[in-house]
Structures are given as structure tokens and as C-alpha cells.
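The structure under discussion appears below in the form of C-alpha cells.
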Amino acid sequence: MNQVKVFDGAGNLKEVISGEKVSKQFWATVTSSNLKASQGWEGETRECKECGAEFWAETKTQVFCKRNVPQGKQCSKIFYARKKAVKKVEKVCANIKCSNAFMGDRNRRYCNNPCRHGTDKKANGR
Ligand SMILES: [Zn+2]
Ligand SMILES: [Zn+2]
């Protein structure tokens, strides 16, 4: 290996490294960029996005602690489940014969006990 040509992102020649510099500088560059991409991350202490506990992030993308909890109880699961969950409000069943109070999301109209969505439609013959 006599010399190494270094190009920038646009394909322009940036630098020509020659002689014994090659082995040192070239490999130093290669190694450091590889390290950054893969093993460069040594981890860091972070605050869990869900419970606020400090944990050791093993990957850059880890934002939840990895508590030793049963399946489905992990902070990440809880966090995303809550994000998906619809806010429940106090409702009164749309079936006038029932009028039960219940907790449901905004779109729910029936108490489901026993009235269900579609009860009215059936009654109306539609
Ligand atoms: Zn947590
Ligand atoms: Zn009802």
C-alpha cells in the first residue's frame, strides 16, 4: 500500500496520505469511525421516560429502564399502552330504556351491560 486517497462525501479528493502515515492515520480513521458506528457507545445513565428511575442505557435508543418485571409490565409497554389508550369519561348509556352510567371512551354510547353498539340500529330495523 503506497498511498491512500481520501475523498469527501461529494467524491472530491480531499487528501492523499502516503508512506508510513497510511498505516497509522488510515487505520486510526477507519477504526474510530467504526467504533462510533457500533461499539463506540459505552452506555450512559439515563432517566426512564416512564417511571423516572435511573438506568443504564445499553443502546442509544433505549429510553426505558429494563426492570425485572413480568412480561407486559415493562416501562416501555406501559408507556406505549397508555399512549394508545383512549381517555375514559363518564357516560350515560344511549339506550333510553337503560340510561346506565358507565365509564367509556368518547365514542362509546352504550353501557355494554347489556346494551351494545348496534342495539339502536337493530331496533330501528337498519
Ligand atoms: Zn422505568
Ligand atoms: Zn345500557
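The numbers here are math on the coordinates, done by the rules we state, and not lab data. None of these values were measured; they are calculated from a predicted model. Cβ coordinates were reconstructed from backbone atoms using ideal geometry, including for glycine residues, and neighbour counts include every protein chain displayed.
Counting 0.36 nm for each residue step from Lys87 to Lys24 and taking away their Cα separation leaves a gain of 16.6 nm. For segment 46-101, trypsin sites (Lys or Arg not before Pro) meeting the loop criterion (DSSP other than H, G, I, E, B) and having at most 14 other Cβ atoms within 10 Å: Lys49, Lys60, Lys66, Arg67, Lys73, Lys87, Lys88, Lys97. Cross-link partners for Lys5 among the aspartates and glutamates, with Cα-Cα distance under 18 Å and sequence neighbours closer than 8 places in the same chain left out: Glu15, Glu20.
The residue among Gly52, Gly72, Gln62 whose Cα reaches farthest toward the positive pole of the charge dipole of segment 44-84, with charges on the beta-carbon of Lys, Arg, Asp and Glu, is Gly72. Under the simplified labelling scheme, the Lys14-Ala101 pair shows an inter-label distance of 6.9 nm, with each label point 7 Å from Cα along Cα→Cβ.
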